[in-house]
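One structure is given below, encoded as structure tokens.
The values are calculated or read from the model by the stated rules, or taken from the named source; none is laboratory data. Here the structure is a predicted model, which is why all the values come from computation and not from measurement. In this analysis, Cβ positions are derived from the backbone assuming ideal geometry, glycine residues included, and neighbour counts consider all displayed protein chains. These area figures cover heavy atoms from the full protein model, side chains too; ligands, DNA and RNA do not enter into them. Shrake-Rupley method; radii C 1.70, N 1.55, O 1.52, S 1.80 Å.
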Amino acid sequence: MATTIDAATVKASGTLPASLKLGWGSGAFGISMLMNGISGLILLFCVGILKIEPALAGTIIFLAKIFDVFTDPIVGVWSDRHNSPRGRRRPFLLWGSLLAAASFAMIFTTPIFDNQWITAMYVFVALCIYAFGYTLYNIPYMSMPAEMTDNYHERSSIHAYRIVFISLGGLVAGAGVKLALERLGKTEPSSFALVGVVCAILILISTLVAYFSTAKARFTESGNTTEKSSIAQMVEEFNAVRGNKNFLRLIGVKFAQLMGVQTTLAAFAFFVVQYMEQSFDVFALFGLVVTAVSIAFAPILVKLSKKVGKRNAYYFAAAINIVYSLSWSLASAGEPAWAIALRGVFVGIAVTGNVVMAMSMLTDIINHDSIKTGIRREGAFTSVYSFVEKLTGAIGVLVVGSAMSLAGFNLSLDYDVPQGGNIDIALLFSVSWLPAVFGLIAIWLLSGYKLTEEEIERAEQEAKK
């Protein structure tokens, strides 16, 4: 499962070609559409279109994501052990892109059966197929930067390219999809089916571009010649990952942050039409501002991290995220455009900082571990990181679905008819209060992160002795 470092292959490198960064980063457009398209719409689709009870909808989404959680270490181990002339990771990108795109279309073309339990079972199966396709692509994809470069600040740079495509994918999956649904008829199943198929095509194109564009990227080969069983090796490698204090600290930070992100994503479409009593057109302004700020702030953030350190840059972004979350408590029906745009500025800065710094730190941890141990564990580290992402997604949608059921959401009404009262409280809890609390926990956990550029350089010097 691990790979032995080949000094002739894995050598210190300088700046990567911009074409390679763009090519690899382009895959994030499809990944962002996959993640945001499902996270931002699946609960609304199940409850508002398929008419599944919120608690049941939350439960099947939760169970599908739990299934997804257990595929992460399997794919991580598989890609670590795989040998191919195309690299250990790239073959997975090809098959993952096909499966993920097809399953995305499958979800939003779900037939509506007379019995909600049958409909729920179909959605569950479709979500499990989607989950495996997403994992098959994303785990190897996110493992690639650790192989592509050993340069400390280049790791931030490559993820700054990635955030551009994440932002564009989020814009299409968020604002673009909502605008299309508003005009096609946001309460019509056929509208979701058409949008789902179009998005699946875009996802397929984006993920395949990354596959073909990284053909000449540097990669390491599996040097695993051990006779240990796959299970024994898996246990050994994940014990090593579990024993990495810096990694555990970073995972704790991401768990707290993502819990807030996932509850917000699950509830946000409901929040706009129920609490704010606005059409989906509001997503256009919000999405455009978020995307523009994210793209503009990415290079600024990289420069900031070089001056003040990655952890301090991360602090800044995390604090902005708390302000953003709390600001939704001040929202009201008929919210002025400037207030929505201002929130877009805040979340654009926060998302950029949280994504770029977290992934850059993860790559630092992977390379530091390889220097100290002589073993490559990109897949193992990345799969655990993805495990946390999937787990928070499972818990977040379950929390929102359960809260809406307890609040008494009325399925007999169209989902865009405001119900007020306890529904508003449940949505405000999901979008504002809970994310702010988790944001504070993330900052507290981040204070214990200690891996610096100096420590990595010391490890490199010791390894040369």
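Structure above, values below:
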quantity	calculated
Qualifying positions in segment 404-438 - of a type in the set (Asp, Glu) and under 20 Å from Tyr324 (Cβ atoms)	Asp424
Residue check for Leu301: buried (at least 23 other Cβ atoms within 10 Å of the Cβ), at pLDDT 90 or above and either under 12 Å from Val351 (Cα atoms) or in contact with a strand residue (DSSP E or B) (Cβ under 6 Å, 6 or more places away or on another chain) (or both)	no
Ser143, sole failed condition from (1) at pLDDT 90 or above; (2) of a type in the set (Ser, Thr, Tyr); (3) under 19 Å from the mean Cα position of the chain (by Cα)	(1)
Subset of segment 438-456 (residues that are assigned to a helix (DSSP H, G or I) and either on the phi > 0 side of the Ramachandran plot or touching a residue at least 60 places away in the same chain (Cβ under 8 Å) (or both))	Phe438, Gly439, Leu440, Ile441, Ala442, Ile443, Leu445, Leu446, Glu453, Glu455, Ile456
Failed condition for Lys186, given (1) under 30 Å from Ser360 (Cα atoms); (2) open to solvent by 10 Å² or more (accessible area, probe 1.4 Å)	(1)
Filter result for the condition that a residue is modelled with pLDDT of 85 or more and either open to solvent by 60 Å² or more (accessible area, probe 1.4 Å) or of a type in the set (D, E, K, R) (or both), over Glu221, Glu277	Glu277
Test: residue in segment 332-348 that is within 19 Å of Arg162 (Cβ to Cβ) and at pLDDT 90 or above	yes
Pairs with Cβ under 7 Å, 6+ apart, first in segment 169-185 and of a type outside the set (Ser, Thr, Tyr), second outside any helix (DSSP H, G or I) and crowded, with 18+ Cβ neighbours inside 10 Å	Lys178/Phe280; Leu179/Phe280; Leu181/Phe280; Glu182/Phe280
Verdict on Ser447 being among the hydroxyl-bearing types (Ser, Thr, Tyr), farther than 30 Å from Lys51 by Cβ and open to solvent by 20 Å² or more (accessible area, probe 1.4 Å)	yes
Test set (1) open to solvent by 10 Å² or more (accessible area, probe 1.4 Å); (2) at pLDDT below 90 - Leu406 fails condition number	(2)
Complete set of residues in segment 241-277 that are of a type in the set (A, V, I, L, M, F, W, C), part of a helix (DSSP H, G or I), within 17 Å of Gly40 (Cβ to Cβ) and in contact (Cβ under 8 Å) with a residue 40 or more places away in the chain	Leu258, Met259, Val261, Leu265, Ala266, Ala267, Phe268, Ala269, Phe270, Phe271, Val273
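Residue-wise test of (1) surrounded by fewer than 19 Cβ atoms within 10 Å (Cβ to Cβ); (2) among the charged types (D, E, K, R); (3) closer than 16 Å to Leu258 by Cα; (4) in contact (Cβ under 8 Å) with a residue 60 or more places away in the chain.
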residue: Asn354; (1), (2), (3), (4): no, no, yes, yes
residue: Ser360; (1), (2), (3), (4): no, no, no, yes
residue: Ile365; (1), (2), (3), (4): no, no, no, yes
residue: Ser370; (1), (2), (3), (4): no, no, no, yes
residue: Glu378; (1), (2), (3), (4): no, yes, no, yes
residue: Leu391; (1), (2), (3), (4): no, no, yes, yes
residue: Gly396; (1), (2), (3), (4): no, no, yes, yes
residue: Asn410; (1), (2), (3), (4): yes, no, no, no
